[in-house]
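The structure under discussion appears below in the form of structure tokens.
Derivation of every value follows stated rules applied to the coordinates shown; laboratory data play no part. It should be emphasised that the depicted structure is a prediction, and the values quoted were computed from it without experimental measurement. Because the Cβ atoms are built from the backbone with ideal geometry, glycine has one as well, and the counts that use them run over all protein chains shown.
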């Protein structure tokens, strides 16, 4: 196999090739590339999202498209250390641009692991401006015990189809999405096999016993690793300590089913309020990802 190949779904063999290439790049740079493995494994086959570059039958370049919003995609890619400075990454990006043009997506956001000199050099050479950074945080210390009364009043209930409207509203409030984009993030039930992704509605019982929805939180558990995401407290419920209680409860739920699971989450570096909350519950930053925002991607050529 030779040259660039586009895929709408990745085979097990291709996933293994990508993993081996990532190991080479991570070892060379002393980092851990963010490749959103759950999305790579669960491609729908409806549209092209992955590009593979081969030399003499060996995978030496990869780029993946991850779309969470209608007018924006995130990009993560890599090139084997021995095959860099040959224009290969530029070819992968041009292929991704064509796919984004087909989707009418004008904004490409490149994910670059902090400390990756090669990635930053490319962003600088292409004059793609830095946007923001996120910490990857792991639960390293036992969480402080929450007030018993608050924890007993708070319930985490697995969401069902009847919660779709509330989930959409919370995605709009929490992430500033349009209703269309928020609806597109609704998670489909797991197929055959172990359940990995779960969505929980956070409900608080009042003095009259009636419950009201105060937020939501998602959890994904794969191979002993738990990732917490999609965490939102309803706009009219903020500032009352609910966020801390919801997250503490989520940790207990994960621990009840997976006592040895490593638990992690992500947070924007500039979100000091959330960062303080997570640190107070025992999370510590272990790495960071820088995001570079190419807003005129469809009108500009880079190589």
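A few points about this structure:
- Sites residue 295 and residue 158, calculated FRET efficiency, Cβ-Cβ separation with R0 51 Å, nearest 0.05: 0.85
- The length gained on full extension between residue 269 and residue 46, counted as 0.36 nm times the residue separation minus their Cα-Cα distance, comes to 76.9 nm.
- Among 80, 5, a tally of other beta-carbon atoms within 10 Å of each Cβ gives an order, fewest to most, of 5, 80.
- For the chain, the mean residue ellipticity at 222 nm estimated from helices alone is -9500 deg cm²/dmol, where every DSSP H run of n ≥ 4 contributes -39500 (n - 2.57) and the total is divided by all residues, rounded to the nearest 500.
- Projected-area mean, region 142-281, by convex hull of Cα positions, square nanometres: 9.3 nm²
- Inter-label distance, residue 225 to residue 7: 1.8 nm, where each label sits 7 Å from its Cα along the C-beta direction.
- Gained length - residue 118 relative to residue 287, 0.36 nm times residue gap less alpha-carbon distance: 59.1 nm
- With the simple spin-label model, which puts each label point 7 Å out from Cα in the Cβ direction, the residue 210 to residue 38 separation comes to 3.4 nm.
- Label assignment, percent of Cα pairs over 30 Å apart derived from the structure, set (i) 37; (ii) 42; (iii) 48: (i)
- Chain lengthening between residue 24 and residue 187 when straightened (0.36 nm per residue, less Cα-Cα): 55.4 nm
- Principal-axis tilt of helix 12-29 within the chain, Cα atoms, nearest 10 degrees: 90 degrees
- Efficiency of FRET between residue 68 and residue 253 - r from beta-carbon atoms, R0 41 angstrom, step 0.05: 0.95
- Degrees between helix 242-257 axis and first principal axis of the chain (Cα, 0 to 90, nearest 10): 80 degrees
- Note on residue 15/residue 141: beta-carbon distance plugged into 1/(1 + (r/R0)^6) with R0 of 35 Å gives a FRET efficiency of 0.55.
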